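This report concerns only the one structure given below.
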Amino acid sequence: MSIYTFTNDYILKADPGVKLVLIMQNDTDFQFIINKKPAKTVTIDASMSDSPITKTLTVQSSSSAYANSYIVTTYSKNAFNNTTSQCNLCFNLTNPGGDSYWSITGTPSQGDNQSMFKNINTAGYTNTVEVQVSTQKNPPINPSQAPVLDPNLVFLLDKSEDTLLFRGNAPLGAYDKVKNPLQLIEFPSFMDALKSAYKKSTTEEMPSESYELCVIALLADNSDNILNPEYQSFGGEHSAITNQTNWYPALADNPAKITTVTPNITGRICQWNINPAGSKDGHYVTMVKELATNINTWFKSNLTDSSSQTDKGAATKRIIYFHCSSGHDRTGMAASTYVAYKKISESKFINGSKFENADLVESYLMGTTLNHIPYTGGHYAQTTYNLNTTTKNPNKSRCFLNSIEYDNTVGWVADKMVKPKSSFNLKGTAAVSGDLNYPNENSRDAYVEKKNVWEL
């Protein structure tokens, strides 16, 4: 019998002309409670109604603070010729009465129509999810239940002679009933995104090599909609993995062969179970710390040092790509912590303190989307400004780390490796700016400009 640790109450509202079906993406960890009865779907039919129809529901989870769902709508009124639309959303079960009850997670790149949500600029601030007749055309691709790779979220985080380190969002391909019904990784498009990110950061072409691609999924066990197709892309099954932090295929075995790109590459995957705010015992903090130190080790080692591959001509250069679902929060924490760990571990001692080249602003900067993406709901803002001005800056984007998570991950590096901690400068540089929407400079709701870690 499941014990539902995380729970929150919501109001689901369908405007006139709308029939909606709210569907949970996972069949084991989440459930809705309607009239004291559990359910996996919730339907409201206001298609023939002259007034909105509402239902009150409770969302419960036994293992995660986030409940991923999607809404499918059909319309009886004009909706830009849309007869039906879909959009993914996520219920936040950690902070009842807080300032982010739920968020829109579906994007046009995965075929989702966000315009079905009413008052989209303030969506998520209350526990009411109101669905209206869509005000925009559906994207010209089939809707997907899992996120689709967004090249705009892929960034080169670090590089060495043997290893390239990238961050991004879930690398899955778009759903296609015939060509890609499982939403497997489309490796040619994936590699093109990596090459584009490399050139954007270095102005040079990414070296053409037979790389070993090492994908690290910063996802909780309940993210089967992403993990299953990812593991299947490398010839495995997520359900068969007993220790998710182990690589599949194992380092002692030959990596999976990927022959759909030229030159051919090989690959592995591992799951790093990080669910920010989803673990009351701080498990995600421990996992982020371990990931940062491990990436630092992997980054410095040769493939031949960590693998007993027997294939002749096996790859000797590595690509590490880590991601969460959207490429924001968990990915940002891991990026910031890695950069802080690397910067501090390579710093020099001055007056007994190891802090030269160890400004946390630099690692804070890397914990962002690194580009300006208009987002709605929750704390996401659509406009960013230069510091203390009304001048909009399209190259700045909000840092998605909140203060507690930042202190417990990036701040951990400072406590562990540098004394005194006050030697770090957390604000007051050109890299970090305040935003007029968030005047409290101590809230760390800051916006940053893009830089490369090897230039910091």
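The values are calculated or read from the model by the stated rules, or taken from the named source; none is laboratory data. In this text, all values refer to a predicted model and were calculated from it rather than measured experimentally. Glycine gets a Cβ as well: all are built from the backbone with ideal geometry, and neighbour counts include every protein chain shown. Please note that ligands, DNA and RNA were not included when accessible areas were found on the heavy atoms of the full protein model with its side chains. Shrake-Rupley method; radii C 1.70, N 1.55, O 1.52, S 1.80 Å.
Among the aliphatic types (A, V, I, L, M), at pLDDT below 90 and surrounded by fewer than 17 Cβ atoms within 10 Å (Cβ to Cβ): does that describe Ala220? For Ala220, the condition - among the aliphatic types (A, V, I, L, M), at pLDDT below 90 and surrounded by fewer than 17 Cβ atoms within 10 Å (Cβ to Cβ) - is not met.
Yes or no: the stretch 235-242 includes at least one residue that is in contact with a helix residue (DSSP H, G or I) (Cβ under 8 Å, 6 or more places away or on another chain), at pLDDT 90 or above and either outside any helix (DSSP H, G or I) or surrounded by fewer than 24 Cβ atoms within 10 Å (Cβ to Cβ) (or both). There is no residue in the stretch 235-242 that is in contact with a helix residue (DSSP H, G or I) (Cβ under 8 Å, 6 or more places away or on another chain), at pLDDT 90 or above and either outside any helix (DSSP H, G or I) or surrounded by fewer than 24 Cβ atoms within 10 Å (Cβ to Cβ) (or both).
Of the strands (runs of 3 or more DSSP E) lying entirely inside the stretch 99-199, those carrying at least 1 residues that are open to solvent by 50 Å² or more (accessible area, probe 1.4 Å) and touching a residue at least 24 places away in the same chain (Cβ under 8 Å) are 155-159. Flag: Leu57 matches the condition of being farther than 24 Å from Asn142 by Cα and touching a residue at least 40 places away in the same chain (Cβ under 8 Å).
Here Cys87 meets each of (1) under 18 Å from Pro140 (Cα atoms); (2) surrounded by fewer than 17 Cβ atoms within 10 Å (Cβ to Cβ); (3) among the hydrophobic types (A, V, I, L, M, F, W, C) with one exception, condition (2).
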